[in-house]
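Scroll down for the structure; my scribbles are underneath it.
No value in this document is a laboratory result; all are computed from the given coordinates. It should be emphasised that the depicted structure is a prediction, and the values quoted were computed from it without experimental measurement. Counting neighbours? That spans all protein chains shown, and the Cβs are built from the backbone with ideal geometry, glycine included.
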Amino acid sequence: MDSVEALVFDLDGVIADTAKFHYEAWKHLLEDLGFQIDPNESEQLKGVGRIQALETLLTNRGIDFPYSKKVELAERKNAYYVKLLSLVDEGFLLPGGMEFVSLAKERGYKTALATASKNAHIILNKTRICSYFDVIVDGTMVKRTKPDPEIFLLTAKRLKAKPEKCVVFEDAYAGIEGAKKAGMKCIGIGKPEVLSNADFVVDSLASAVKMFGNEHY
């Protein structure tokens, strides 16, 4: 990766095992409305804003609400999610994640977090990983959510790195799309058949650590 200056990481599902809490919170909200969630919907909800995720779930069920009602429901979902975050500690860090970030810093790469979450500060404080990143950009700092490239372009600006010199690690199709729109390379974390828009896919950062240990990587 001789031409790369910076590595940019998503948080939920890449660094921390908290994506499942989003799913549980949406499940709870749908049950409030008299519906069940389909596990296959989880990929549609990753990496996008609350309103967009809610609209996807409503559309899948052939229903709609006024925007004010959607805001109310999205806030209720967020309350469920924040309550679940009380369980988070350093044990929620995914295997290989911080080892990979540490190795990257040792090799002189700039590191950043670019997460759509507006609750990222809770996770970062509970897992005590803020110091590992040169720049942290979350959903409170941008107007548009992924797949819009805004969050990635802002991250590159704060890193003082050109977008084409950045590599993003994402577990969501929408996040990968946003990174590509920003002109960045993107490594998907998950299943190749789901993250077909990534430049390369690994199953976890633990696998990426092994590759990164190769001097030719």
**Prompt:** Under 5 Å between amide H atoms, partner at least 5 residues away or on a different chain: which partners does Ala16 have, H built in plane at 1.01 Å?
**Reply:** Leu94
**Request:** Sorted from largest down, give the three principal axis spans of the alpha carbons of the stretch 85-143, whole angstrom values.
**Result:** 31, 30, 15
**Request:** Take the chain, drop everything but the C-alpha atoms, weight them equally and run the Debye formula without solvent; then report log10 I(q)/I(0) at 0.10, 0.16, 0.17 Å⁻¹ to two decimals.
**Result:** -0.42, -1.07, -1.20
**Where GluC sites (Glu not before Pro) in DSSP loops with at most 15 other Cβ within 10 Å are excluded, longest remaining stretch of the chain** = 1-192
**Request:** For the chain, with a Gaussian network of springs between Cα atoms less than 10 Å apart, report the residue from Asp148, Asp38, Asp17 with the top mean-square fluctuation.
**Result:** Asp38
**Item:** Coordinate range along principal axes, alpha carbons of the stretch 19-87, Å, largest first
**Value:** 33, 26, 23
**Asked** Along each of its three principal axes, how wide is the spread of alpha-carbon positions in the stretch 151-192, in whole angstrom units, largest first?
**Response** 31, 14, 13
